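Heads up, the thing below is written out as structure tokens.
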Amino acid sequence: VYLGEDCLLASNINIKSCDGHSIYQDGIVINNSQSVNIGKNVWIAQDVNILKGVEIGDNSIVGINSLVTSNKYPSNVILGGIPAKIIKKNIHWGKESTK
């Protein structure tokens with residue numbers, strides 16, 4: 001699992017690079033571990049689950065209660081839902097409080 005610089009993480013986040021137990025088909029493991037790469041300045045909201053094989057680009061946001069399954073997501077997007085999908089593009093966010 002790689003987490004870029006300056007990320008903002010809420011509570012109860014799960015990031016998993018493996019399934020926890022092997023699954024075999026004809027004696028061969030079919031659910032190998034995969035890396036998770038989270039870019040710089042990514043905001044991950046509360047109760048998010050990120051699974052193996054995920055890449056999240058820089059300056060992105062993952063919305064509350066999202067399930068991010070294996071996929072590569074570009075920079076500057078908002079992800080949300082179960083499974084997560086891009087719901088906004090070309091965004092930028094800052095750590096200052098809203099008024």
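Beta bridges from DSSP with both residues in the chain: antiparallel share about 25 percent, rounded to the nearest 5. With the whole protein complex present, Ser11 retains an accessible surface near 60 Å², based on a 1.4 Å probe. The accessible surface of segment 12-64, taken with every protein chain in place and a 1.4 Å probe, is 46 percent carbon and sulfur. Computed over protein heavy atoms with a 1.4 Å probe, the accessible surface of segment 33-99 works out to 57 Å² per residue.
From the coordinates of this entry, log10 I(q)/I(0) by the Debye sum over Cα atoms at q = 0.10, 0.12, 0.15, 0.24 Å⁻¹ is computed, and it appears in (i) -0.31, -0.45, -0.71, -1.39; (ii) -0.51, -0.64, -0.77, -1.20; (iii) -0.28, -0.39, -0.58, -1.27 under the label (iii).
The values are calculated or read from the model by the stated rules, or taken from the named source; none is laboratory data. On a predicted model such as this, the values are computed, not experimentally measured, just so you know. Areas reflect the complete protein model, heavy atoms only, side chains present, ligands, DNA and RNA absent. Shrake-Rupley method; radii C 1.70, N 1.55, O 1.52, S 1.80 Å.
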